[in-house]
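Report on the following structure.
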């Protein structure tokens, strides 16, 4: 369902970096990609690590701000934002969506409903945000595109997908469904659309072993769990890889 405007191949440097590029006339005009860790939601920034009103002899009062798995999901990769402001009008119980904008490039178009017939989002029609950044990764690397993780819900939800960005350098547009109640919604420029997580395909092709745990594995599991509850921050200090 991801829309590719054309297919092309280009030489890739072997450096482990992701490159976002746009047309020269768009540079400094459309909203740029940003590292996910630099755009934490306001609610998360304001949340204290410990809620003192909840702290007591029977509760440590910790909040999700001390949860490293939650934070790592939120801050991994890059945020690809909406290039320019768009208005969405959701009507008829979500079965119709009109879009408008002042920017001089197409910002929203439609997919045919037959392409996703029977999907759980019906009757919402499949729409598509247009993206004007090309994405290039080193050989062997792809990108996972998905709705921004652990962030406030928008009046839309983009569809997840994987693109082999080491060989595909054309613009990737993002299908979405309107999810809010009927009404007019202004989606401001730079609103997060998708989270971009690069990964090396070779590393993702793991074989699975599904079996009962061994005695040593059971001991390890129990030791890790007991360390986790014996003192605060054990996972962050001893189990979590350095970022």
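Brief remarks on what is shown
Okay, residues lined up against (1) closer than 30 Å to residue 133 by Cβ; (2) surrounded by fewer than 16 Cβ atoms within 10 Å (Cβ to Cβ):
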position: 36; (1), (2): yes, no
position: 42; (1), (2): yes, yes
position: 47; (1), (2): no, yes
position: 60; (1), (2): no, yes
position: 69; (1), (2): yes, yes
position: 75; (1), (2): yes, no
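- Residue 212 vs. criteria at pLDDT 95 or above, in a loop (DSSP other than H, G, I, E, B) and either in contact with a helix residue (DSSP H, G or I) (Cβ under 7 Å, 6 or more places away or on another chain) or surrounded by 15 or more Cβ atoms within 10 Å (Cβ to Cβ) (or both): no
Yes/no matrix, rows are residues, columns are (1) surrounded by fewer than 11 Cβ atoms within 10 Å (Cβ to Cβ); (2) out of contact with any strand residue (DSSP E or B) (no Cβ under 7 Å at 6 or more places or on another chain); (3) in contact (Cβ under 8 Å) with a residue 24 or more places away in the chain; (4) in a helix (DSSP H, G or I):
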| site | (1), (2), (3), (4) |
| --- | --- |
| 199 | no, no, yes, no |
| 203 | yes, yes, no, yes |
| 207 | yes, yes, no, no |
| 216 | yes, yes, no, yes |
| 220 | no, yes, no, yes |
| 224 | no, yes, no, yes |
| 228 | no, yes, no, yes |
| 235 | no, yes, yes, yes |
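To keep it simple, each residue is scored yes or no on (1) surrounded by fewer than 20 Cβ atoms within 10 Å (Cβ to Cβ); (2) modelled with pLDDT under 95; (3) at negative phi.
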position	(1), (2), (3)
111	yes, yes, yes
121	yes, yes, yes
124	no, yes, yes
137	no, no, yes
152	yes, yes, yes
162	yes, no, yes
170	yes, no, yes
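- The single condition from (1) at pLDDT 90 or above; (2) touching a strand residue (DSSP E or B) at 6+ places or on another chain (Cβ under 8 Å); (3) loosely packed, with under 14 Cβ neighbours inside 10 Å that residue 5 fails is (1).
- Qualifying residue in the stretch 178-197 (condition: in the same structural domain as residue 23 (by TED's automatic domain parsing), in contact with a strand residue (DSSP E or B) (Cβ under 8 Å, 6 or more places away or on another chain) and more than 30 Å from residue 42 (Cβ to Cβ)): no
- Residue in the stretch 71-78 that is assigned to a loop (DSSP other than H, G, I, E, B) and either in contact with a strand residue (DSSP E or B) (Cβ under 8 Å, 6 or more places away or on another chain) or closer than 30 Å to residue 232 by Cβ (or both) present: yes
- Counting only strands (runs of 3 or more DSSP E) that fall entirely inside the stretch 81-181 and contain at least 3 residues that are in contact (Cβ under 8 Å) with a residue 40 or more places away in the chain and more than 30 Å from residue 17 (Cβ to Cβ), the qualifying elements are 86-91.
The values are calculated or read from the model by the stated rules, or taken from the named source; none is laboratory data. Being a predicted model, the structure only gives us computed values, none of them experimental. Every residue, glycine as well, gets a Cβ built from its backbone with ideal geometry; the counts of neighbours run over all protein chains shown.
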